[in-house]
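Worksheet: the structure to be examined is printed underneath.
A short reminder: the numbers here are calculations on the coordinates, not readings from a lab. Note that the coordinates shown come from a computational prediction; the quantities given were computed from them, not determined experimentally. Every residue, glycine as well, gets a Cβ built from its backbone with ideal geometry; the counts of neighbours run over all protein chains shown.
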Amino acid sequence: MRTLRLTLGAAGVVLVLVGVYHLLARGLTNLVATAVWLAGGVVAHDAVLAPLVVLLGVALLPRLPSWSRGPAVAGFVVLLTVTLTAVPVLGRFGAKPDDPWLLPRPYGALWLGLALLVVAVVVAAALLRRHRSGQGAS
Amino acid sequence: MVPAPRPPRERDFTSTLRGPEVAARVGVWLGVCFTVAFLTGVWSHLYQNQPAWLTIPTRPVWLYRVTQGLHYLSGTAAVPLLLVKLYAVYPKLFADVPWRRMRDLTVHLLERASVALLVAAGIFQLATGVANSAQFYPWSFSFRATHYAVAWVAFGALVLHVAVKLPVIRSALTRPLDDGERPGTGLTRRGLVRVALGASAVAVVTVAGGTVPWLRRLSVFETHDGTGPQDVPINKSARRADVVGAALSPTYALEVVHGGTTRRVTLLELQRMPQHTARLPIACVEGWSAAGDWTGVRLRDLLDLVGAPAGSDVRVVSLQPHGPFRYSQVRGNLVQDPLTLVALRLNGSALSIDHGYPCRLIAPDRPGVLQTKWLGRIEVT
């Protein structure tokens with residue numbers, strides 16, 4: 001166990017240093033621009049997204065009936081994470097006037113469809129739970 | 001009296017979902033995704049750089065299409081997993097710092113630094129990769145070189161993190177996931193792990209159609225839907241490459257150069273040479289891919305016109321006046337391949353200008369950016 005951990009640790013450090021070498025080789029301007037994005041990602045998660053999730057958990061979740069909480073949390077996780085992967089297509093930021101075959105779909109409407117589908121599944125699962133818990137109580 | 005506000009502490013987070021049980025299980029899948037993305041990414045980099053010590057295989061013709069598709073999909077799959085993993089370990093950000101004892105403090109700070117490196121590099125890779133797939137570049141660093149460099153940092157930090165956390169991971173994986181918990185949030189730990197994997201699968205399906213055509217109807221967020229000129233998508237139009245005038249010039253001829261010998265081959269002459277058809281994919285580094293039936297002249301037949309020895313490396317040069325992919329190297333084994341064509345036609349009709357009219361390179365198992373369009377010159381190197 002100790003040998004394995006030491007070997008893995010050393011390999012990790014070497015791999016990181018390879019990356020650092022490649023980063024430095026691109027010059028200072030590139031490095032500064034990269035550092036801004038490296039730090040920006042951590043700040044966006046640790047100082048914005050994660051506290052918002054904590055806030056939702058404290059403020060909103062207790063107000064929901066207990067039988068709906070599980071499905072609601074599941075639906076929230078799916079919709080939030082999938083939406084984050086779709087931000088560049090939803091914004092169509094990379095669209096080019098001379099390439100109509102890039103980003104060809106009505107992504108906003110499709111996102112709305114996906115959101116409605118998730119909400120429908122959440123509501124159905126929540127009602128099923130309420131039905132089951134009602135049966136258990138009687 | 002209201003207590004004075006203070007920063008949160010690790011023990012303020014009371015959800016039973018947060019902790020090593022969920023982190024270790026989601027972490028295993030996240031580790032798999034990062035490993036696949038790292039290996040296929042380095043693979044793609046080798047394909048694009050073609051180092052002298054490496055002979056890149058030419059079969060199967062779809063190999064790069066599959067590895068680059070895996071790269072794109074494993075990165076997409078990692079986004080929900082990373083977010084749930086970070087949720088599970090977020091309280092650790094507020095863990096007590098052992099300021100008193102120098103030795104403990106050093107270990108603590110080193111561990112925090114390694115995690116910070118992993119989180120920063122991990123988020124960076126996923127954010128830049130996802131943006132790149134939609135051709136969105138809101139930064140000033142060089143995407144390809146920087147995504148490659150930070151990949152080593154992210155993967156190295158992951159390996160280091162596993163080394164540091166191995167006892168915690170082993171202990172968490174051998175304990176039962178649900179230990180009679182009464183989840184206040186309505187979701188059990190097992191439920192959260194399943195939701196993370198489910199979200200990851202949904203994320204993959206929403207984009208996979210760009211490279212796995214039978215999933216297309218479900219892939220609502222794919223960047224290319226299989227349409228394009230002649231039913232094959234493009235990444236750069238002739239207009240944007242500033243090549244329209246040169247490509248449509250009535251005096252166009254393809255120059256084939258070997259040492260002091262130069263042959264100018266007109267389009268009519270190209271059309272009169274023996275024609276061959278091959279079904280080959282365009283596999284874009286951004287993740288999408290599509291197969292087409294390409295017809296044209298074998299590259300090696302053209303090189304015979306100038307008496308180039310078999311197995312010579314060549315450089316193919318586009319008519320486009322600028323851009324990093326204006327030319328590409330074709331190694332000897334690929335030059336000799338009967339499927340390596342200077343294509344004049346696609347899917348039964350003459351090549352459209354956006355696909356590289358008058359003629360383009362199309363070769364098996366090769367990244368799309370190296371399938372040089374609007375060929376002006378072929379040089380034996």
Need the list of lysines near B:Lys236 for cross-linking: C-alpha distance under 20 angstrom, and skip anything on the same chain fewer than eight residues off.
A:Lys96, B:Lys373
Residue-count net charge about B:Ala52 - beta-carbon cut-off 10 Å; Lys, Arg +1, Asp, Glu -1
0
Peptides A:95-102, A:61-68, B:60-67, B:47-54 ordered by average Cβ neighbours within 10 Å, highest first:
B:60-67, A:95-102, A:61-68, B:47-54
I'd like the FRET efficiency for B:Arg100 and A:Ala47, computed as 1/(1 + (r/R0)^6) with the beta carbon distance as r and R0 of 35 Å, rounded to 0.05.
0.80
Sequence ranges B:228-238, B:245-255, ranked by mean other-Cβ count within 10 angstrom, highest first:
B:228-238, B:245-255
Quick one: net charge around A:Ala125, please, counting Lys, Arg +1 and Asp, Glu -1 for every other residue with C-beta under 12 Å from its C-beta.
+4
Ranked highest first by average number of other Cβ atoms within 10 Å, how do B:8-17, A:29-38 line up?
A:29-38, B:8-17
Share of alpha-carbon pairs per 10 Å distance bin for chain A, given as whole %:
9, 20, 23, 23, 17, 6, 1, 0
Value in Å of the Kirkwood radius, where the protein assembly as shown supplies the Cα pairs that are averaged
25.6 Å
Return the average number of partner chain Cβ atoms within 10 angstrom of each residue Cβ along peptide B:221-229.
6
Simple SL model, points at 7 angstrom along Cα→Cβ for B:Ala116 and B:Ala4; separation in nm is 2.6 nm
Over the whole of A:2-15, what's the average partner chain Cβ count within 10 Å per residue? Rounded to a whole number, please.
5
Reachable aspartates and glutamates from B:Lys165, Cα under 15 Å, same-chain residues fewer than 8 places away excluded?
B:Glu21, B:Glu111
Would you mind calculating the gained length between B:Arg194 and B:Ala145 on full extension (0.36 nm times residue separation, minus the Cα-Cα distance), in nm to one decimal?
14.1 nm
For each of B:Ser74, B:Ser133, B:Ser44, count neighbouring Cβ atoms within 10 Å of the residue's Cβ, then give the residues from fewest to most.
B:Ser44, B:Ser74, B:Ser133
Taking the number of other C-beta atoms within 10 Å as the exposure measure, put A:Arg105, B:Arg279, B:Arg345, B:Arg217 in order starting with the fewest.
B:Arg217, B:Arg279, A:Arg105, B:Arg345
Starting from the coordinates of the alpha-carbon atoms of segment B:269-360, obtain the Kirkwood hydrodynamic radius over all distinct pairs and give the value in Å to one decimal.
14.1 Å
Averaging sequence separations of C-alpha pairs under 8 Å and six or more residues apart, then dividing by the length of segment B:10-140, give the relative contact order as a whole percent.
36 percent
Per-residue Cβ contact counts at 10 Å, fewest first, order B:Thr106, A:Thr3, B:Thr58, B:Thr35 as A:Thr3, B:Thr106, B:Thr35, B:Thr58
For B:Thr35 and B:Leu166, what does the FRET efficiency come to when R0 = 22 Å and r is the distance between their Cβ atoms, rounded to the nearest 0.05?
0.85
Over segment B:251-316, what is the mean sequence separation of C-alpha contacts under 8 Å (at least six apart), divided by residue count, expressed as relative contact order in percent?
29 percent
Calculate the mean, over all residues of peptide B:157-168, of how many other protein chain Cβ atoms lie within 10 angstrom of the residue's Cβ.
5
Tally Lys and Arg at +1 and Asp and Glu at -1 over the other residues with C-beta under 11 Å from the C-beta of B:Thr381: what net charge comes out?
0
Simple label model, 7 Å out from Cα along Cβ direction - A:Ala95 to B:Glu255, nm
4.1 nm
Read phi for every residue in segment B:308-323 and hand back ³J(HN,Hα) as whole Hz from Karplus 6.51 cos²θ - 1.76 cosθ + 1.60, θ = phi - 60°, with x for Gly and Pro.
6, x, 4, x, 5, 7, 10, 10, 9, 10, 7, 6, 5, x, 8, x
